[in-house]
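Input: a single structure, listed below in structure tokens.
The values are calculated or read from the model by the stated rules, or taken from the named source; none is laboratory data. None of the values given here were measured: they were computed from a predicted structure. Here the Cβ is made from the backbone with ideal geometry for all residues, glycine too, and neighbour counts use every protein chain on show. Ligands, DNA and RNA are excluded from the accessible area calculation, which covers all protein heavy atoms including side chains. Shrake-Rupley method; radii C 1.70, N 1.55, O 1.52, S 1.80 Å.
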Amino acid sequence: MASYHTVSVLLVEDNDIDREAVRRGFAKHKIANPIIDAADGIEALELLRGSGGKAALARPHILLVDINMPRMNGIELVTELRADPTLRDTIVFMLTTSKSDEDRIASFQLNVAGYIVKNEAGIGFARLVELLDHYWRLVELPS
Amino acid sequence: MSDSSLFVDLVASATIGIVVYEWTAPPDLGSFRMVVENAAAPLAGSEAAQLGHTLDATRSRVLDTIVPEHLARTIETGEPCAFEVDLRIDGRGMIPFAVHCFRVGPRHASLMFEELSERRRLARELDDRMRALEASNRALDDFAYVASHDLKSPLRDIHNLASWIDEDLGDAIPPPTRRHLDTLVGRIARMERLLDDLLAYSRVAREGTAPRALSVREVVRNVIGLLAPTHHRIIVEGDADVVWARSAVFEQALRNLISNAIIHDDRPGGTITVFVRAHDGGTEVVVRDDGPGIAAAFRDRVFRVFQTLGGPASGTGIGLAIVKRAVESHNGSVTLDATERGCTFRTFWPAANGV
């Protein structure tokens, strides 16, 4: 397993309960991958670019991105990533309460890896964690 | 006083403007001579409309040029006609009038002038008020939508927190606290249902698809397909089938009526009859069940938001409010007839031109 690098997760989410839900999901599945928090799109960009006095996040990483956030929302963040030559290959899962077709279409237009609706408490997150666990074991990520 | 002088008086003092023109040399459209003019005539007394003037002299200035054509046609055919003109009245500017034109003799035609300013003002005012009312209704719908949508997020958080307390403490929870926690989770679930229903209620008005011709039988088949398995018989009768409605809204109304009949039945397998007939400019769709019925005292309340009659089958009390809203958003209506046994919901959906 020489090529198996620990994948870190950048969780871009303004709701502290949802952040904790993801952490609990990881703990329950005994997944020890580091989770780094960003409260909105702007903070996420600073962490990815190592700007704003923050250290750049090590690769490989994947992003879990909420859509409705203050300052810079999830769609705006991913739009920005896709326009940035060094970040355009970032793997992004949308994690949102929005069931609107508009948000879903906009997300896939931006080549997100998945669009996950966190509708039912707990259930959505548990499935998500299982999915991620399989995903990064199986998929060769850009490093 | 002779009858004819009474008529002269009547015309002279009428509050509606009356003039009579004589066609002195047909077919010359320039040969209409004014022979009668009462005081209320819009141009009475003005220089341009002296009794005895010919229309030709004034038409360029005061009357629309189509007036001589109207007079000529009315005299030739005997058919009355009506049109509107704007006249410049000294000191008041351009004033709109409705003009009724009819033949009064072999070569005479009368024009009656009815001022429209007041009616136009009222129509404008009515229009403004309708618009304000629509805006306020829309604002209310938007509010219901945003409120129910935004309240869901903190409620989901509370749901998460409650389930984590349960997860983390598990068997260590003492029985009274366990009971409280279970009640808490039950209330959260109920609140989530209420918000979902409120969202559905506000969506009935927001749903923006265009109405089209729908087959009631097809919609009923769809509704049955989405129902939980049931022992109830659902049959469609009647000689009509087509309803003019927004498809999602009509289907929702029918689904609510049918599932209401099923969940409130006190026996395992009754019959629900959907009866469709053409009626008075639209389609009547009647949903009749043979369940326990609704006591007369409660019949007015069932269509109100969040009204239930209690009992184990009660939902959030929004189903029939949604039905009412659905039909009313199509300018239709819904009524409930109930006998000792069974309910009959009559919905009326106007035909295409009614929406």
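Could you give me the residue pairs with C-beta distances under 8 Å whose first residue belongs to region B:160-174 and is closer than 14 Å to B:L184 by Cα, whose second residue is small (G, A, S) wherever it lies, and which are 6+ apart or on separate chains?
Matching pairs, first to second residue: B:N160/A:A21; B:N160/A:A121; B:N160/A:G122; B:S163/A:A121; B:S163/A:G122.
Restricting the search to region B:11-31, which residues are in contact (Cβ under 8 Å) with a residue 40 or more places away in the chain, hydroxyl-bearing (S, T, Y) and either farther than 14 Å from B:C101 by Cα or assigned to a loop (DSSP other than H, G, I, E, B) (or both)?
Selection gives B:T24 alone.
Search region A:25-49 for residues being open to solvent by 50 Å² or more (accessible area, probe 1.4 Å) and part of a helix (DSSP H, G or I), and hand back the single one that is farthest from the other protein chains (Cβ to nearest Cβ). Show your work before the answer.
Let us first name the residues in region A:25-49 that are open to solvent by 50 Å² or more (accessible area, probe 1.4 Å), namely A:27-30, A:32, A:34, A:37, A:42, A:49.
Those left that are additionally part of a helix (DSSP H, G or I): A:27-28, A:42, A:49.
Numbers: A:A27: 11, A:K28: 9, A:I42: 21, A:R49: 30 Å.
In this case the residue turns out to be A:R49.
Which ones in region B:245-298 are within 20 Å of the chain's Cα centre (by Cα), open to solvent by 20 Å² or more (accessible area, probe 1.4 Å) and of a type in the set (A, V, I, L, M, F, W, C)?
Once the filter is applied, which keeps residues that are within 20 Å of the chain's Cα centre (by Cα), open to solvent by 20 Å² or more (accessible area, probe 1.4 Å) and of a type in the set (A, V, I, L, M, F, W, C), region B:245-298 yields B:A248, B:A278.
Every residue in region B:104-152 that is within 30 Å of B:V19 (Cβ to Cβ), under 25 Å from the mean Cα position of the chain (by Cα) and in contact (Cβ under 8 Å) with a residue 24 or more places away in the chain, please.
Within region B:104-152, just B:R120 meets the criteria.
Between residues in region A:2-29 that are at pLDDT below 90 and residues that are part of a loop (DSSP other than H, G, I, E, B) and open to solvent by 80 Å² or more (accessible area, probe 1.4 Å), which pairs lie under 7 Å by C-beta distance while being six or more apart or on different chains?
Close Cβ pairs satisfying both conditions: A:H5/A:S143.
From the list B:F102, B:F97, B:F113, B:F143, which residue is among the aromatic types (F, W, Y), away from chain A (no Cβ under 14 Å) and assigned to a helix (DSSP H, G or I)?
On the way: B:F102 fails: assigned to a helix (DSSP H, G or I); B:F97 fails: assigned to a helix (DSSP H, G or I); B:F113 fails: assigned to a helix (DSSP H, G or I).
Unique residue meeting the criteria: B:F143.
Since A:T86 meets every condition but one in (1) polar (S, T, N, Q); (2) open to solvent by less than 10 Å² (accessible area, probe 1.4 Å); (3) outside any helix (DSSP H, G or I), which condition does it not meet?
It fails just one condition, (2).
Considering region B:149-200 alone, what residues qualify as being loosely packed, with under 14 Cβ neighbours inside 10 Å, at pLDDT below 90 and among the basic types (K, R)?
Within region B:149-200, B:R190, B:R193 meet the criteria.
Out of everything in region A:1-24 that is among the polar types (S, T, N, Q) and more than 14 Å from every other protein chain (Cβ to nearest Cβ), what residue ends up being surrounded by the most Cβ atoms within 10 Å (Cβ to Cβ)?
Across region A:1-24, the extreme among qualifying residues is A:S8.
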